[in-house]
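Working notes, beginning with the structure itself.
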Amino acid sequence: MIKAVRGFKDILPGETEKWVYLEGLARKFFSAYGFREIRTPILEKTELFARSIGEATDIVEKEMYSFLDRNKESVTLRPEATAGICRAVIENGLYAQAKVLKLFTMGPMFRHERPQKGRLRQFHQFNAEVFGSHAPGVDAEIIALAMDILEAGGAKNLRLELNSLGCPECRPVFREKLKNFLLARLDKLCDDCKRRAEKNPLRALDCKKESCQQEYKEAPLIEEFWCDTCRRHFAQVCEELELLGITYEKNPRLVRGLDYYVRTTFEIKAKDLGAQDTVAAGGRYDGLIKALGGPDIPGVGFAIGVERFLLVASLPHDLWPGLDLFVAALGNEARRFVLPLVRKLRGRGFMVDLDHEGRSLKAQLKAANRQKARYTLIIGESELSEEKALLRNMKTGEQKEVSFVSLENELIERLKKCSS
């Protein structure tokens, strides 16, 4: 037996309905906030992620699924969505369509990490990106959108952590101070942090090892190095969040694992998730479009991890509504009679199924119950001769004879009432 690749998970009936429900929920809020959908390729040139995410990040160095295609060109299964969306915005000139461009996407991402609860090698995200505005209000709005989606899905005990990573004017000074701090303690750090100390010192602050975190208690804080513009920007983001009624915690040690972030950075954590508790994260990336060869326009966005969202969402146990109608045709002539009717009803948007195996009425009624059918239409030889069908209410067991003349209209009216 061939099994699924480790870290890649089947999404089965019973689960898929929950995915579809949350996707519909997210789409509703994306639409309410004025976002339009974009769908980018799963496969991109490796250079795109090396340039955008940063070559000295864990994602690029250790986690990407990269390989040479038949033309000997290095390609990568996307580890995140923002870089691909930025590439699409530049390549297709989308930035010229509106001063402020709002886009969202949904789909799978790929990282070669150690699989655990809420973290797979193929994982899924809801992503929102806004291009063209430096305004702090856009940062607050994007956070509000993420919170609205999560809360509408029934996620409880959410905690918003907020920080600013400064800008190209003030962050280099902090980076140098932090680098010197780390190098002075190199012998006390884990191997990953030793490597990060030189190449990506900010990323070291995100280390999960307790020994490293103990060392970082005395590390310099980015807020001590903010320029006046960054300080004002962060203050305004906080003020707008308060106006929106969104509670937040300032976390001066919050960093992101991607090099393109500047200024606002945030994580939304769920208390019930344990160690891997971040269900959504994002921030501002004002220089990314320019770095990828486009115009100098700002950007800000977020990603919600769908697998983790599902772990904290409060959803009905069974979201599949069941069939509107099961058609029990007894005999070949009955089956020939009902086939056009079944197609018409399906064309009207009703969920209809029928038996193709010629099973007994008892077996077909069991099948109707398994599929949670609201009604079962029964037609056999006697019904054909009398030109009357039996319509059974599967909940009450009540049966009614319906003339063939009015059968289609009767079914449509009854099934409409079920759907409303």
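Tabulated data
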| item | result |
| --- | --- |
| Subset of the range 200-253 (residues that are acidic (Asp, Glu), touching a residue at least 40 places away in the same chain (Cβ under 8 Å) and closer than 25 Å to VAL60 by Cα) | ASP206 |
| Top-ranked residue of the range 398-420 - restricted to ones that are under 42 Å from the mean Cα position of the chain (by Cα) and of a type in the set (Gly, Ala, Ser), ranked as nearest to PHE350 (Cα to Cα) | SER419 |
| Every residue from the range 165-200 that is over 17 Å from LYS217 (Cα atoms), touching a Lys or Arg at 6+ places or on another chain (Cβ under 9 Å) and surrounded by fewer than 16 Cβ atoms within 10 Å (Cβ to Cβ) | GLU198 |
| Candidates ARG6, ARG51 - the one that is outside the structural domain of LYS99 (by TED's automatic domain parsing) and in contact (Cβ under 8 Å) with a residue 60 or more places away in the chain | ARG6 |
| Lone qualifier among LYS208, LYS217, LYS194 - being of a type in the set (Lys, Arg), part of a loop (DSSP other than H, G, I, E, B) and not assigned by TED's automatic domain parsing to the domain that holds TYR95 | LYS208 |
| Filtered residue count, the range 57-99, keeping only those that are crowded, with 16+ Cβ neighbours inside 10 Å, among the acidic types (Asp, Glu) and assigned to a loop (DSSP other than H, G, I, E, B) | 1 |
| Unique residue being in the same structural domain as ASN369 (by TED's automatic domain parsing) and of a type in the set (Lys, Arg) when the list is ARG336, ARG308 | ARG336 |
| The range 381-401, subset touching a residue at least 24 places away in the same chain (Cβ under 8 Å) and farther than 18 Å from GLY322 by Cβ, residue surrounded by the most Cβ atoms within 10 Å (Cβ to Cβ) | GLU383 |
| Residue match in the range 217-229 (condition: in contact with a strand residue (DSSP E or B) (Cβ under 6 Å, 6 or more places away or on another chain) and not aromatic (Phe, Trp, Tyr)) | no |
| Residues satisfying the stated conditions in the range 266-314, i.e. β-branched (Val, Ile, Thr), closer than 21 Å to GLY166 by Cα and assigned to a strand (DSSP E or B) | ILE268, VAL300 |
| Out of LEU345, LEU315, LEU319, sole residue that is touching a strand residue (DSSP E or B) at 6+ places or on another chain (Cβ under 9 Å) and either modelled with pLDDT of 95 or more or under 30 Å from PHE126 (Cβ atoms) (or both) | LEU345 |
| Residue in the range 100-115 that is assigned to a helix (DSSP H, G or I) and either assigned by TED's automatic domain parsing to the domain that holds LYS250 or surrounded by 15 or more Cβ atoms within 10 Å (Cβ to Cβ) (or both) present | no |
| Tally, over the range 323-364, of residues that are of a type in the set (A, V, I, L, M, F, W, C), crowded, with 18+ Cβ neighbours inside 10 Å, outside any strand (DSSP E or B) and within 40 Å of the chain's Cα centre (by Cα) | 6 |
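The values are calculated or read from the model by the stated rules, or taken from the named source; none is laboratory data. Predicted model, so just to flag it, every value in this text is computed and none were measured. We place every Cβ from the backbone using ideal geometry, glycine too, and count neighbours over all the protein chains shown.
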